[in-house]
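Below is one structure; the comments refer to it alone.
No lab work stands behind these numbers, since they all come straight from the coordinates. It should be emphasised that the depicted structure is a prediction, and the values quoted were computed from it without experimental measurement. Every residue, glycine among them, receives a Cβ derived from its backbone with ideal geometry; neighbour counts consider all protein chains shown.
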Amino acid sequence: MLNKVTPNNLDAFWMPFTANRQFKQAPRMFVAAKDMHYTTADGRQVLDGTAGLWCVNAGHCRPKITEAIAQQAGELDYAPAFQMGHPIAFEFANRVVDVAPDGLDHVFFTNSGSESVETALKIALAYHRVKGEGSRFRLIGRERGYHGVNFGGISVGGIVTNRKMFGTLLTGVDHLPHTHLPGKNAFTRGEPEHGVDLADELERIVTLHDASTVAAVIVEPVSGSTGVLVPPKGYLQRLRDICTKHGILLIFDEVITGFGRLGTPFAADYFGVKPDIMVTAKGITNGVIPMGGVFVTSDIHDAFMNGPEHLIEFFHGYTYSGNPIASAAGIATIETYKEEGLLTRGAELASYWEDALHSLKDVRNVIDIRNIGLIGAIELQPIAGSPTKRAFSAFLKAFEKGILIRTTGDIIALSPPLIIEKSHIDQLFGTLRDVLNEIE
Ligand SMILES: Cc1ncc(COP(=O)(O)O)c(C=O)c1O
């Protein structure tokens, strides 16, 4: 395959979450992908250690999914999503609700994780309103939470750059403390022992504002984008108990933990804690077509199904909600996951993955390693005065050596496609060891 792209014509595309100037001086281009690998513009194979952006759970260019998309595009490309329907969206809703945790029986379709977050927050606020409790307007998120890039999501999220750059954000939002306790939990395998009591902060915040003003709590079961923060043992259950006690909705943002990442279909299944609302995207279509879904209980859904029948019950939706091609991709994705056992395959590989990851403990500049399911994080000692530089160098060196990793701050985060084999795990961590030994 020819590399026809030269730095001179990269100007128009303002790239997302990218160091644009650095990239355009030395572009890193993928031109094809298959299963566990990308092909670069200069013809190299790169092992995908991150399932794209935590989304390509079944691996790349899976025939069943690509064929379903092509077929649907030729049959019904688009149909209005408001006041009209098409069978495939209903079919997909049934299929995807079937793999969701018990009790989350209805799904509202969106086009991304960010939109799913906004949708979930709006459902929570409107739910209390239709139940006659419109005084519940407060939302509680968590420090170091990432809930996408829209205003609701960055308000409940706990990322400093967002809070610094983008104005006043939503009002009526409070935050739980994050659960990262490196002094006590460094190099823990799986769920940390320390920190369950941090969930009690919810009780304090609720007391401060009075429960009658609080609509919902939103957390990622495992924080991903801020560096893989695994919840302490018992923490999520305690949040659940406090929410239940006070009539507050619990929202799990499962955009990265959904669809098999932890070795169970969802993190809710892994931890045995059921949210009232579950936010998803990414793996819902294997990342191939933009889509998201917000799952709710029948109690929430049915609360809206009141009043005159000609009125719209929930004043919300996207032009592409339940898009036919995305729905076709979604059905083919769920079928692929089921046929290949991918929603639970991570459980079989988790201990091999954990051992390989923790074998890097003694490599220089490694100050913590964290893991759960098929997720791993390696935290590096930042270079004094140049935070993020060491991890970025690791990313560049890794790409040069044929593996795709992701970095956030000085943390390397790994989340491979769920079709990964042990030989790929060996290659991934073997190469990473060399990378960390070679960079500054
Ligand atoms: C937990 C979580 N929520 C929301 C999002 C936003 O998803 P999107 O980029 O599809 O808008 C992400 C993306 O990584 C995420 O990790």
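Structure notes:
- Charge-dipole axis of the chain as Lys and Arg at +1 and Asp and Glu at -1 on Cβ define it, positive-most pick from 72, 207, 167: 167
- Rg over Rh for the stretch 352-412 works out to 0.96, both radii taken from alpha-carbon positions and Rh defined as the Kirkwood radius.
- Protection proxy ranking, peptides 305-317, 190-202, 404-416, average beta carbon neighbours within 10 Å, highest first: 404-416, 190-202, 305-317
- Equivalent ellipsoid semi-axes - Cα gyration tensor, the chain, angstrom: 34, 28, 20
- Scoring 165-175, 358-368 by mean Cβ neighbours within 10 Å over their residues and listing the highest first yields 358-368, 165-175.
- Cα centroid separation, the stretch 63-135 to the stretch 247-281 (Å): 16 Å
- Normalised by the number of residues in the stretch 64-339, the mean separation of alpha-carbon contacts (under 8 Å, six or more apart) gives a relative contact order of 30 percent.
- Of all DSSP bridge pairs formed entirely within the stretch 64-339, close to 40 percent run antiparallel.
- Using θ = phi - 60° in the Karplus curve 6.51 cos²θ - 1.76 cosθ + 1.60, the 3J(HN,Hα) couplings for the stretch 383-399 round to 6, 4, x, 9, x, 6, 5, 5, 5, 5, 4, 5, 4, 5, 5, 5, 4 Hz; x is entered for Gly and Pro.
- Positive-pole candidate from 151, 272, 126, dipole of the stretch 64-339, charges at beta carbon: 151
- Dipole check for the chain: with +1 at the C-beta of Lys and Arg, -1 at the C-beta of Asp and Glu, and the Cα centre as origin, the magnitude is about 1240 Debye.
- Checked against a 28 Å cut-off, the cross-linked pairs 184/282; 131/274; 274/338; 184/361 give Cα-Cα distances beyond that limit for 184/282.
- Under 19 Å from residue 164, Cα to Cα: aspartates and glutamates that are on another chain or at least 8 residues apart: 143, 174
- Listed by chain and number, the aspartates and glutamates whose alpha-carbon sits under 20 Å from that of residue 34, ignoring those within fewer than 8 places in the same chain, are 42, 48, 67, 335, 339, 340, 400, 421, 426.
- Ordering 137, 271 from the fewest to the most neighbouring beta carbons within 10 Å gives 137, 271.
- Value at 222 nm in deg cm²/dmol, rounded to 500, when DSSP H runs of n ≥ 4 in the chain each add -39,500 (n - 2.57): -11000 deg cm²/dmol
- Per-residue ³J(HN,Hα) for the stretch 235-244, Karplus 6.51 cos²θ - 1.76 cosθ + 1.60, θ = phi - 60°, Hz, x for Gly and Pro: 5, 5, 4, 5, 4, 4, 4, 5, 4, 4
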